[in-house]
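The values are calculated or read from the model by the stated rules, or taken from the named source; none is laboratory data. Because the structure is a prediction, the values reported are computed rather than measured. Glycine gets a Cβ as well: all are built from the backbone with ideal geometry, and neighbour counts include every protein chain shown.
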Amino acid sequence: MKLLATLGLFYIFCIPMALKAQDIAILKYNGGGDWYANPTALPNLIRFCNQNIGTVLEERTDQVAVSSNDIFQYPFLHMTGHGNVFFSADEANNLRAYLMAGGFLHIDDNYGMEPYLRKELAKVFPDKELKELGADHPIFKQEFQFNGLPKIHEHDGKRPQAFGIFDNNRLVLLFTYECDLGDGWEDPTVHNDPPEVREKALKMGANIISYVFKN
């Protein structure tokens, strides 16, 4: 896989450290937002992917700080929460280096983080902007077919949107907004979502995983 190969070169020449067994990590950030939200979400999504799309991912996920060189050990980082996000200059530089080296970041707005996030992403990529993905983007046409991002939970009545940041036509960052995918991945008893709603969330999550790990 090109993504892993690129990161592998970064390890060899820049940060010589061994890969851990975990393939996905949760990104810890400052600012007061609850980066630890939805604790059952990723394990459930990973289990669904391993059972349904042929991935072999470790269900236990590590938690890594945006300032740490440990982020380079993971091809996929997941970030979520409500409210404020803050990146220092060093953190923004570290995250940019990770993404430019082949890493991927999925940010799922659990509600309320969008205005803070946009301001901080401008530190990470001052020369790039979030661009909305059209319904024909390949991420919606992986293992499961979607006509754009599904709506899992209602908040402000806005339509769900998927935004991306690209580097040389490679999607390096995906921001899912007004959707609440992570809530749909959680244990059924957490939000009491109907099975068909959880299934939509898990299938869209599986498409994201497939896009990153299998392309």
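Some observations on this one:
- Flag for Ile208 being within 27 Å of Ala122 (Cβ to Cβ), in contact with a Lys or Arg (Cβ under 6 Å, 6 or more places away or on another chain) and β-branched (Val, Ile, Thr): no
- Members of region 118-153 that are aliphatic (A, V, I, L, M) and either in contact with a Gly (Cβ under 9 Å, 6 or more places away or on another chain) or under 23 Å from Lys214 (Cα atoms) (or both): Leu130, Leu133, Ala135, Ile139, Leu149, Ile152
- Count - residues of region 57-82 that are of a type in the set (A, V, I, L, M, F, W, C) and more than 20 Å from Pro39 (Cα to Cα): 1
- When each of Ala135, Ala206 is tested for being touching an Asp or Glu at 6+ places or on another chain (Cβ under 6 Å) and at negative phi, the lone residue that passes is Ala206.
- When restricted to residues that are within 13 Å of Leu27 (Cβ to Cβ) and either out of contact with any Cys (no Cβ under 8 Å at 6 or more places or on another chain) or among the small types (Gly, Ala, Ser) (or both), region 93-109 contains 9.
- A Cβ distance below 7 Å, combined with a sequence gap of six or more or placement on separate chains, defines the contacts here; from region 187-213, residues that are of a type in the set (Asp, Glu) reach residues that are surrounded by fewer than 20 Cβ atoms within 10 Å (Cβ to Cβ) in the pairs Asp187/Thr40.
- Restricted to region 1-103, the set of helices (runs of 4 or more DSSP H) holding at least 1 residues that are surrounded by 15 or more Cβ atoms within 10 Å (Cβ to Cβ) and at pLDDT 95 or above comprises 41-52, 89-100.
- Of all residues in region 48-84, those that are farther than 20 Å from Asp109 by Cα and β-branched (Val, Ile, Thr) total 4.
- Of all residues in region 125-145, those that are closer than 21 Å to Asn110 by Cα and buried (at least 16 other Cβ atoms within 10 Å of the Cβ) total 4.
Residue-by-condition table, conditions (1) polar (S, T, N, Q); (2) surrounded by fewer than 21 Cβ atoms within 10 Å (Cβ to Cβ):
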{"residue": "Asn110", "(1), (2)": "yes, no"}
{"residue": "Glu114", "(1), (2)": "no, yes"}
{"residue": "Leu117", "(1), (2)": "no, no"}
{"residue": "Asn147", "(1), (2)": "yes, yes"}
{"residue": "Phe166", "(1), (2)": "no, yes"}
{"residue": "Leu181", "(1), (2)": "no, no"}
{"residue": "Ala201", "(1), (2)": "no, no"}
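- Residues that are in contact with a Ser or Thr (Cβ under 7 Å, 6 or more places away or on another chain) and of a type outside the set (Asp, Glu), drawn from region 115-147: Gln142
- Unique match (being within 15 Å of the chain's Cα centre (by Cα) and farther than 26 Å from Glu196 by Cβ) among Ile107, Ile71: Ile71
- Tally, over region 84-113, of residues that are in contact (Cβ under 8 Å) with a residue 40 or more places away in the chain, within 29 Å of Lys214 (Cβ to Cβ) and not aliphatic (A, V, I, L, M): 7
- Region 135-165: number of residues that are without any contact (Cβ under 8 Å) to a residue 12 or more places away in the chain and either of a type in the set (Phe, Trp, Tyr) or in a loop (DSSP other than H, G, I, E, B) (or both): 3
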